[in-house]
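Let me begin by handing over the structure; questions about it come next.
The values are calculated or read from the model by the stated rules, or taken from the named source; none is laboratory data. Just so it is clear, the structure is predicted and the values come from calculations on it, not from any experiment. Methodologically, a virtual Cβ is constructed for each residue, glycine included, from the backbone with ideal geometry; neighbour enumeration extends over all protein chains shown.
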Protein chains: 2
Amino acid sequence: MSDIKLYYRNVLSCVIGKEHGISPRQLRSLGTKTRPIIRTIQSLREKGLERYRELPYDRSNPRKVKALVKRLRPLCDDLVVLGIGGSALGNIALQTALNPYLYNLDPAQRDGPRLFILDNIDPVQFVSFLDWIEPRLDRTIFNVISKSGRTSETAAQMLIIWDMLTKRLGPGQLKEHVVATTDPRTGTLRCIVEQEGLMCLEVPEGVGGRFSVLSPVGLFSAAMCGIDIDRLLAGARAMDKRVSSEEFLQNPAAIIAAINWHYYQQGKTISVMMPYSYQLKDMADWYRQLWAESLGKARDTKGRLVHVGPTPVKALGATDQHSQIQLYREGPNNKLFTFLYAQRYPRDVRIGPSLQSAPELDFLAGRTLGQLLDAERKATQYALIVDQRPCLDVIFDKIDAYSVGQFIYLYEVATSIAGRLFGIDPYDQPAVELGKDATYALMGRPGYEQLLGQMQQVMGLDQGFLV
Amino acid sequence: MSDIKLYYRNVLSCVIGKEHGISPRQLRSLGTKTRPIIRTIQSLREKGLERYRELPYDRSNPRKVKALVKRLRPLCDDLVVLGIGGSALGNIALQTALNPYLYNLDPAQRDGPRLFILDNIDPVQFVSFLDWIEPRLDRTIFNVISKSGRTSETAAQMLIIWDMLTKRLGPGQLKEHVVATTDPRTGTLRCIVEQEGLMCLEVPEGVGGRFSVLSPVGLFSAAMCGIDIDRLLAGARAMDKRVSSEEFLQNPAAIIAAINWHYYQQGKTISVMMPYSYQLKDMADWYRQLWAESLGKARDTKGRLVHVGPTPVKALGATDQHSQIQLYREGPNNKLFTFLYAQRYPRDVRIGPSLQSAPELDFLAGRTLGQLLDAERKATQYALIVDQRPCLDVIFDKIDAYSVGQFIYLYEVATSIAGRLFGIDPYDQPAVELGKDATYALMGRPGYEQLLGQMQQVMGLDQGFLV
């Protein structure tokens, strides 16, 4: 069993000093604050709330996913996910973490279809994709993911693809090539499913988009591409035990939430997640949505204006040592760093023999790339600690479906605890609505004429301010 | 001629209010501050400093690049760049901006070799790449980019590849497959070039890594992949005229620098660059290095401790509307937003006809994806402005080599002006050294034993803090 571990010593005052470090007394006080929150969450769970917590225990949906995968894999060379935000970030993160770097390019490196996750509507990008997929439609499966089916970006993609499928493969072919992941009962996409007889999977009720990766939203594309979703869910269940503990210093989610909250109060408003692992690169992107959308809120749960929210930033080691570390070490001490890394690499490569013409590179010869990456990471952490910058480590024994399942669950629960520490609702996203309505107004949707009028007063390029 | 334009009205107090907006008086004062800086830079330039400013006028290096490209393109199916930081980010940004999304995957969409830019040392990622390239070595060109040749990451990659080339293709083959871009006179890689007789290009003297994309560092891989480097340089020259103007409100670099500096002083310490364009996605990443490494400094030019530096953040529209906009609108008003977008798309796609089963999507039918992307962007900007968040626009007529050349030069000059406003040296990176030394110490390089001893006192996992 390879559990992931949290290491929190490098935020303590004994390591990074009193000004920026957490004292033993402060640590105890953080424990006192989180304990009732864990208890509250537990009792909400017993009342059938906090539904995302139960996803790893669901047997029915994973079974449906696997049945569909079994049927579709032999028919499919290209799998295309149409989704955005919570309907794409988890899928991308799983694929990068658990399949090879050149999975799509190199047939020898994949066991399953190529995977495209189209989470944007850039026309130039989309046309490049259409050029690729059009001659391959007969062996392509589209997985459209939207709880409501009314997300403009996903709906637009869907209308383009439906039209292409119908024109190229003939009417009635949608049902052979489309899997819809949507609300089991209501919504636009549900209506389309019924009308067209599409294959479908469920977005479980009460689970928000950014907490949905362990539901069919994330599981279907993962299983299609050969990822072991049973191990993923087993990892999440193993983590559930640990993050349910009321003992602060035994609950990694509570520690992550409390330390983040503490530093936000101290003016460290930026939370940098820096994997030293290409595989975990997009997990940092998944976290970026989870953290920003859950914790960035104007009002607390009592309705008072608070305008809180740490800004999550993703970085990548060792690459960003040559891009961000200058700022991270010498700029304002306004960041908390979380390093993600693995202790073992399933594959490694030895650095070639030294060159006569470059004896100064002898220290590299005969070592492995993994050893160098580890050294770079430790060196960076050392440099940050010397400059009194707080660092957390999330340590994977090795990166596999089981540890990735743990990681996902750990951060979901950390987010829900952090939400309570900030005093806000981590599950809503009220600010997204105005942007959606404004898009409807600009696209001429009936009923939004008044908003369009308001917008025109503010928008429009005034030539006098164009340089 | 398609010039890029800066639009700055949405940072003014008349749009976003007095608390967060810039008043006419403040704007004049920013002009007064930047004018002498423009003059200083101009006189440094006349003394042969600020060398990156002259890159677009260099005829010799681009000629050498083109001669090499002409010779190598017919021999090459895969081009591999070994480099990191300033020796990779510009190359990646040019490729994403100016070649199709599926360039590497789809032979029909490329005019040139596949391009791999390996800017990390993750062993699992690297091995996946080696599995791909090993059987293709005879038609592969490696471009190793390092001014010194002593960057550990690039040196390690180089030793691995040299060994593989020699073993697979036989001794003496390096010179057929390697182009080194390095210092013209000194350094480790220069010695290797001489010893092995490698093909080579120059990193011009006095040009730092993050300002080097318009030198052979960025030009070679771009030209190999069919990008028009003459137009790129022409764009930079066109921008040079505009950013040399002492008239504040006619100099877009001065306005960008001054507005960023102003907001940093006001507590808006985060600078978000949000392209609404997949093509410009990696330009935001390039900017992230330029901005962070240039402006994040502990000491000012007089040696006083200041710990300044805005934190650059990259985002991507429309995707990040479903990830970050909740935070950007409702969280703390501590960010300046810069939107990048194009007014014309060379290719667009019409959204398919409406579905009987989903009349609520009728508003999308018959419009184009480009129209939807524009509407999403305007809607997001409107929502931010309503919430008094300052926004700048950098508007491309269309995205091509000429406008991208302008953009690069614009931001390089903006960075150099911002450095002077912050009172720091934008061209050094002192904080990177300790990390490098610490890496040497951990890798057992002779001469670093004392540092290793110091590190061991601080580092090492103490089991008592592992959860």
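May I ask you to list the residues in the stretch A:163-192 that are among the hydrophobic types (A, V, I, L, M, F, W, C), more than 9 Å from chain B (Cβ to nearest Cβ) and touching a strand residue (DSSP E or B) at 6+ places or on another chain (Cβ under 8 Å)? Steps first, please.
So the first thing to find is which residues in the stretch A:163-192 are among the hydrophobic types (A, V, I, L, M, F, W, C), and the list is A:164-165, A:169, A:174, A:178-180, A:189, A:191-192.
If we keep only those that are more than 9 Å from chain B (Cβ to nearest Cβ) too, we end up with A:165, A:169, A:174, A:178-180.
Selection gives A:Leu165, A:Val178, A:Val179, A:Ala180.
Another question, if that's okay. With the structure loaded, tell me whether A:Pro171 is assigned by TED's automatic domain parsing to the domain that holds A:Phe129, under 21 Å from A:Ser221 (Cβ atoms) and assigned to a loop (DSSP other than H, G, I, E, B) or whether it fails that test. Spell out how you get there, then give the answer.
Working: assigned by TED's automatic domain parsing to the domain that holds A:Phe129: yes; under 21 Å from A:Ser221 (Cβ atoms): no; assigned to a loop (DSSP other than H, G, I, E, B): yes.
No; evaluated as a whole, the condition is false for this residue.
Hey, another quick one. Take B:Gln326 and tell me if it is facing chain A (nearest Cβ under 7 Å) and either in contact with a strand residue (DSSP E or B) (Cβ under 8 Å, 6 or more places away or on another chain) or over 13 Å from B:Thr380 (Cα atoms) (or both). I'd like the intermediate steps shown before the answer.
Details: facing chain A (nearest Cβ under 7 Å): yes; either in contact with a strand residue (DSSP E or B) (Cβ under 8 Å, 6 or more places away or on another chain) or over 13 Å from B:Thr380 (Cα atoms) (or both): yes.
Spelling it out, B:Gln326 is indeed facing chain A (nearest Cβ under 7 Å) and either in contact with a strand residue (DSSP E or B) (Cβ under 8 Å, 6 or more places away or on another chain) or over 13 Å from B:Thr380 (Cα atoms) (or both).
While we're here: What residue, of B:Val413, B:Val404, B:Val467, B:Val394, is touching a helix residue (DSSP H, G or I) at 6+ places or on another chain (Cβ under 8 Å) and free of Cβ contacts under 8 Å to residues at least 12 places away in the same chain? Don't jump to the end; show me each part of the working.
Values: B:Val413 fails: free of Cβ contacts under 8 Å to residues at least 12 places away in the same chain; B:Val404 fails: free of Cβ contacts under 8 Å to residues at least 12 places away in the same chain; B:Val394 fails: free of Cβ contacts under 8 Å to residues at least 12 places away in the same chain.
Exactly one residue qualifies, and that residue is B:Val467.
Another one. Under 7 Å between Cβ atoms, which residue pairs at least 6 apart in sequence (or on different chains) link something in the stretch B:97-110 that is closer than 17 Å to A:Asp78 by Cα with a partner that is of a type in the set (A, V, I, L, M)?
From residues that are closer than 17 Å to A:Asp78 by Cα, the pairs are B:Asn104/A:Leu105; B:Asn104/B:Leu115; B:Leu105/A:Leu105.
Now a separate question. Name the single residue that is farthest from the chain's Cα centre (by Cα) among those in the stretch B:287-312 being assigned to a strand (DSSP E or B) and more than 20 Å from B:Tyr409 (Cα to Cα).
Taking the stretch B:287-312 first, the residues assigned to a strand (DSSP E or B) are B:297-299, B:305-308, B:311-312.
Then keep just the ones that are more than 20 Å from B:Tyr409 (Cα to Cα); that gives B:297-299, B:305-308, B:311.
On the way: B:Lys297: 19, B:Ala298: 23, B:Arg299: 24, B:Leu305: 28, B:Val306: 26, B:His307: 23, B:Val308: 21, B:Thr311: 15 Å.
In this case the residue turns out to be B:Leu305.
Conditions first: (1) surrounded by fewer than 24 Cβ atoms within 10 Å (Cβ to Cβ); (2) over 30 Å from A:Ile227 (Cα atoms); (3) β-branched (Val, Ile, Thr). A:Thr439 passes all but one, so which condition is the exception?
(1)
Further question: Return yes when A:Arg210 is surrounded by fewer than 24 Cβ atoms within 10 Å (Cβ to Cβ) and of a type in the set (Lys, Arg) and no when it is not. Break it down into steps so the answer makes sense when it comes.
On the way: surrounded by fewer than 24 Cβ atoms within 10 Å (Cβ to Cβ): no; of a type in the set (Lys, Arg): yes.
Considered against the rule, which asks whether it is surrounded by fewer than 24 Cβ atoms within 10 Å (Cβ to Cβ) and of a type in the set (Lys, Arg), A:Arg210 comes out as no.
Next up: If you scan the stretch A:244-273, which residues turn out to be surrounded by fewer than 20 Cβ atoms within 10 Å (Cβ to Cβ) and either in a loop (DSSP other than H, G, I, E, B) or not assigned by TED's automatic domain parsing to the domain that holds A:Arg28 (or both)?
Scanning the stretch A:244-273 gives A:Ser244, A:Ser245, A:Glu246, A:Glu247, A:Gln266, A:Gly267.
Let me ask something else. Can we say A:Arg45 is closer than 19 Å to A:Gln250 by Cβ, more than 14 Å from chain B (Cβ to nearest Cβ), crowded, with 18+ Cβ neighbours inside 10 Å and of a type outside the set (A, V, I, L, M)?
Working: closer than 19 Å to A:Gln250 by Cβ: yes; more than 14 Å from chain B (Cβ to nearest Cβ): yes; crowded, with 18+ Cβ neighbours inside 10 Å: no; of a type outside the set (A, V, I, L, M): yes.
In short, no.
I need a count of the residues in the stretch B:334-366 that are part of a loop (DSSP other than H, G, I, E, B) and either within 7 Å of chain A (Cβ to nearest Cβ) or free of Cβ contacts under 8 Å to residues at least 40 places away in the same chain (or both). Break it down stepwise before answering.
Initial filter on the stretch B:334-366 (part of a loop (DSSP other than H, G, I, E, B)): B:334, B:343-349, B:351-358, B:362-366.
Imposing the further condition that a residue be either within 7 Å of chain A (Cβ to nearest Cβ) or free of Cβ contacts under 8 Å to residues at least 40 places away in the same chain (or both) reduces the set to B:334, B:345-349, B:351-358, B:362-366.
Residues flagged as part of a loop (DSSP other than H, G, I, E, B) and either within 7 Å of chain A (Cβ to nearest Cβ) or free of Cβ contacts under 8 Å to residues at least 40 places away in the same chain (or both) within the stretch B:334-366 amount to 19.
Then there is this: Out of all the residues in the stretch B:146-162, is one or more within 12 Å of chain A (Cβ to nearest Cβ), crowded, with 20+ Cβ neighbours inside 10 Å and free of Cβ contacts under 8 Å to residues at least 12 places away in the same chain?
yes
Tell me which residues, restricted to the stretch A:284-315, are without any contact (Cβ under 8 Å) to a residue 24 or more places away in the chain and more than 8 Å from every other protein chain (Cβ to nearest Cβ).
Scanning the stretch A:284-315 gives A:Gly303, A:Arg304, A:Leu305.
Could you look through the stretch B:204-256, keep only residues that are in contact with a Leu (Cβ under 9 Å, 6 or more places away or on another chain) and basic (Lys, Arg), and pick out the one that is nearest to B:Leu49 (Cα to Cα)?
My answer is B:Arg210.
For the stretch B:423-434, check the following and say yes or no: at least one residue is over 30 Å from B:Ser43 (Cβ atoms) and within 13 Å of chain A (Cβ to nearest Cβ).
Initially, the stretch B:423-434 is screened for residues over 30 Å from B:Ser43 (Cβ atoms), giving B:433-434.
Those still in the list that are within 13 Å of chain A (Cβ to nearest Cβ) too: B:433-434.
Yes, the conditions are met somewhere in the stretch B:423-434.
In the stretch B:444-463, how many are small (Gly, Ala, Ser) and facing chain A (nearest Cβ under 8 Å)?
Filtering the stretch B:444-463 for residues small (Gly, Ala, Ser) gives B:444, B:447, B:453, B:460.
Now drop any that are not facing chain A (nearest Cβ under 8 Å), which leaves B:444.
Of the residues in that region, 1 qualify.
Quick one: in the stretch B:390-425, of everything that is part of a loop (DSSP other than H, G, I, E, B) and buried (at least 24 other Cβ atoms within 10 Å of the Cβ), which residue is farthest from the chain's Cα centre (by Cα)?
Step one: of the stretch B:390-425, the residues part of a loop (DSSP other than H, G, I, E, B) are B:390, B:397-400, B:423-425.
After this cut, where a residue has to be buried (at least 24 other Cβ atoms within 10 Å of the Cβ) as well, the list is B:390, B:399.
Working: B:Pro390: 23, B:Ile399: 16 Å.
The qualifying residue farthest from the chain's Cα centre (by Cα) is B:Pro390.
Yes or no: the stretch A:201-216 includes at least one residue that is assigned to a loop (DSSP other than H, G, I, E, B) and over 30 Å from A:Pro430 (Cα atoms). Steps first, answer last, please.
Applying the first criterion (assigned to a loop (DSSP other than H, G, I, E, B)) to the stretch A:201-216 yields A:203-208, A:212-215.
Cutting the leftovers down to over 30 Å from A:Pro430 (Cα atoms) gives us none.
No, the stretch A:201-216 contains no residue that is assigned to a loop (DSSP other than H, G, I, E, B) and over 30 Å from A:Pro430 (Cα atoms).
Taking A:Thr182 as the residue in question, decide whether it is closer than 30 Å to A:Gly170 by Cα, surrounded by 21 or more Cβ atoms within 10 Å (Cβ to Cβ) and without any contact (Cβ under 8 Å) to a residue 40 or more places away in the chain.
Working: closer than 30 Å to A:Gly170 by Cα: yes; surrounded by 21 or more Cβ atoms within 10 Å (Cβ to Cβ): yes; without any contact (Cβ under 8 Å) to a residue 40 or more places away in the chain: yes.
Yes, satisfied.
What helices (runs of 4 or more DSSP H), lying completely within the stretch B:48-149, carry at least 3 residues that are of a type in the set (Lys, Arg)?
Details: elements: B:60-72, B:89-98, B:123-133.
So the answer is B:60-72.
Applying the selection to the stretch A:309-353, what residues are of a type in the set (Asp, Glu) and crowded, with 21+ Cβ neighbours inside 10 Å?
Restricting attention to the stretch A:309-353, the residues satisfying the condition of being of a type in the set (Asp, Glu) are A:320, A:330, A:348.
Once the filter is applied, which keeps residues that are of a type in the set (Asp, Glu) and crowded, with 21+ Cβ neighbours inside 10 Å, the stretch A:309-353 yields A:Asp320, A:Glu330.
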